[in-house]
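Encoded as structure tokens, the structure appears first; notes follow it.
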Amino acid sequence: DQQVKQNSPSLSVQEGRISILNCDYTNSMFDYFLWYKKYPAEGPTFLISISSIKDKNEDGRFTVFLNKSAKHLSLHIVPSQPGDSAVYFCAASVYGGSQGNLIFGKGTKLSVKP
Amino acid sequence: DTAVSQTPKYLVTQMGNDKSIKCEQNLGHDTMYWYKQDSKKFLKIMFSYNNKELIINETVPNRFSPKSPDKAHLNLHINSLELGDSAVYFCASSLDRAAGNTIYFGEGSWLTVV
């Protein structure tokens, strides 16, 4: 029972172009969403988050869009750089809940080619 | 300075053995977690401790026993290791148990049971 789904296991993009990573969720109680980035042999690191009161959050080259009606969020990276090559995990939780655990998707491996 | 550190990073052991993975965080956080990433790449929570008190215990075999001697440490002990325990185990921490806090992960411990 996957509550957070990342249906694309991999994505390849040319340097300088836009990378779009997608994520869907099924639990309507989720109201806080995060993206984590993971390099090989390292732990996931926090990238950007969005709460359900917003539909967009931007931080430099990274923008997360949230479509609550579709239970869908996406991460846009523009322009993409070779150093962005990593696995990106979408995660969700219930903000203000008493438990801080996150529910993760399976990840999408992004390859940015020079 | 490593914020969340876990040892060992790699561990190969035989079925039936007992092993421990240690975790320490120097962020002053109250809440610590153990996550497991299995062969299908799912990253799932196993346990969560808040100020040495267990607050999340997902359906994990009781061969897995977390121990928190103080709020900066959360060790994972596994008894009678099985082949299916082979996975990457990530320790993590957050400021407190409330959802919405960024979770900081360690680099992971690669456990291989042969």
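The values are calculated or read from the model by the stated rules, or taken from the named source; none is laboratory data. Keep in mind that this is a model prediction, so the values were computed, not measured. As a convention, Cβ positions derive from the backbone with ideal geometry for all residues, glycine included, and neighbour counts pool all protein chains shown.
Things worth noting here:
- Sole exception among (1) β-branched (V, I, T); (2) more than 29 Å from B:M46 (Cα to Cα); (3) crowded, with 17+ Cβ neighbours inside 10 Å for A:V78, by number: (3)
- In the stretch B:28-66, residue surrounded by the most Cβ atoms within 10 Å (Cβ to Cβ) [restricted to those that are of a type in the set (A, V, I, L, M) and touching a strand residue (DSSP E or B) at 6+ places or on another chain (Cβ under 6 Å)]: B:M32
- Test: B:L111 is modelled with pLDDT of 95 or more, away from chain A (no Cβ under 11 Å), crowded, with 20+ Cβ neighbours inside 10 Å and in a strand (DSSP E or B): yes
- Residues of the stretch A:21-63 that turn out to be in a strand (DSSP E or B), under 20 Å from B:Y89 (Cα atoms) and hydroxyl-bearing (S, T, Y), as a count: 2
- Which numbered condition A:K5 fails, given (1) over 14 Å from the mean Cα position of the chain (by Cα); (2) under 30 Å from B:N57 (Cβ atoms); (3) more than 10 Å from chain B (Cβ to nearest Cβ): (1)
Okay, residues lined up against (1) without any contact (Cβ under 8 Å) to a residue 40 or more places away in the chain; (2) among the hydroxyl-bearing types (S, T, Y):
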site: A:Q2; (1), (2): no, no
site: A:Q14; (1), (2): no, no
site: A:Y36; (1), (2): no, yes
site: A:L47; (1), (2): no, no
site: A:I53; (1), (2): yes, no
site: A:V64; (1), (2): yes, no
site: A:H76; (1), (2): no, no
site: A:P82; (1), (2): no, no
site: A:V94; (1), (2): no, no
